[in-house]
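Read the structure below first, then the notes.
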Amino acid sequence: MSDALNCVARYGAGVGRRRYAALLRGINVGGRNAVAMADLREAFEAGGYQAVSTYIQSGNVLFESDAPSASFEDNLEAMLERRFGVPLVVVLRSHRQLRNVADSAPDGFGEEPDTYHSDVMFLKAPLSSAQAMRVIELRDEVDQAWAGPGVLYFARLSERRAQSQLSRIVGTPEYQRMTIRSWTTTTRLLGLLDERRVG
């Protein structure tokens, strides 16, 4: 069987093997939970995940798998805790879901990086965007927030970002089920997944 036919037979013409971004919460922040990216990649590869790569040092892992994704988050959290000895929250998004996050952003979001700091708060189920919005505090003329598909979009006026109320979510239970990425990182992760050719 040719390589091309073998690939079709195994992955269903490229639809069986899917692309994912695993967003880890709380590593390499303020000197806590230090994890080298090489070790993180090795852990994913040892767990049977394919085409593993990382982006910057804040716990962004791109990988591919043809396994059912229903329990990926739980499996990854258990695997990483065994490997590194600390409990880590993993928020998983498929390539399609990450594309939806980018496509659903408010008009103009992230397009004025010199004026606004724009972030995406990725929410871990069962936390919904409606629930998360209820604990978000906004300072007039500084903060803006919008609910999205499994995320909140948050923008802070750059010249007044020290006055932002964003940090007030830290003490809430909801904060334990979210991880934040800048808009630049979010769109870069999507671009890296777009560049891959699966199958």
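The values are calculated or read from the model by the stated rules, or taken from the named source; none is laboratory data. Note that this is a predicted model, so its numbers are computed, not measured. Cβ sites come from the backbone with ideal geometry, for glycine too, and all protein chains shown count toward neighbours.
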Being more than 15 Å from Gly26 (Cβ to Cβ) and in contact with a strand residue (DSSP E or B) (Cβ under 8 Å, 6 or more places away or on another chain) is the filter here, so list the residues in segment 157-179 that pass it.
-> Leu157, Ser158, Arg161, Ser164, Gln165, Leu166
Complete set of residues in segment 61-88 that are over 19 Å from Pro149 (Cα atoms) and under 13 Å from the mean Cα position of the chain (by Cα) = Val61, Leu62, Phe63
Conditions (1) part of a helix (DSSP H, G or I); (2) modelled with pLDDT of 95 or more; (3) of a type in the set (A, V, I, L, M, F, W, C) -> Ala9 fails only (2)
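With modelled with pLDDT of 95 or more, of a type in the set (A, V, I, L, M), surrounded by 19 or more Cβ atoms within 10 Å (Cβ to Cβ) and within 17 Å of Asn28 (Cβ to Cβ) as the only criterion, which of Val61, Val101 stands out?
Details: Val101 fails: within 17 Å of Asn28 (Cβ to Cβ).
After ruling out the rest, the residue left standing is Val61.
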When restricted to Ser167, Ser118, Ser158, Ser128, the only residue buried (at least 19 other Cβ atoms within 10 Å of the Cβ), of a type in the set (S, T, N, Q) and more than 22 Å from Phe63 (Cβ to Cβ) is Ser118
Which of the residues belonging to segment 144-183 are touching a Lys or Arg at 6+ places or on another chain (Cβ under 6 Å) and assigned to a strand (DSSP E or B)?
-> Thr179
Which of the residues that make up segment 178-187 are out of contact with any Asp or Glu (no Cβ under 7 Å at 6 or more places or on another chain) and either surrounded by fewer than 19 Cβ atoms within 10 Å (Cβ to Cβ) or among the hydroxyl-bearing types (Ser, Thr, Tyr) (or both)?
-> Thr179, Thr184, Thr185, Thr186, Thr187
Search result, residues across segment 153-168 that are out of contact with any Leu (no Cβ under 9 Å at 6 or more places or on another chain), within 14 Å of Glu112 (Cβ to Cβ) and not aliphatic (A, V, I, L, M) | Tyr153, Ser158, Glu159, Arg161
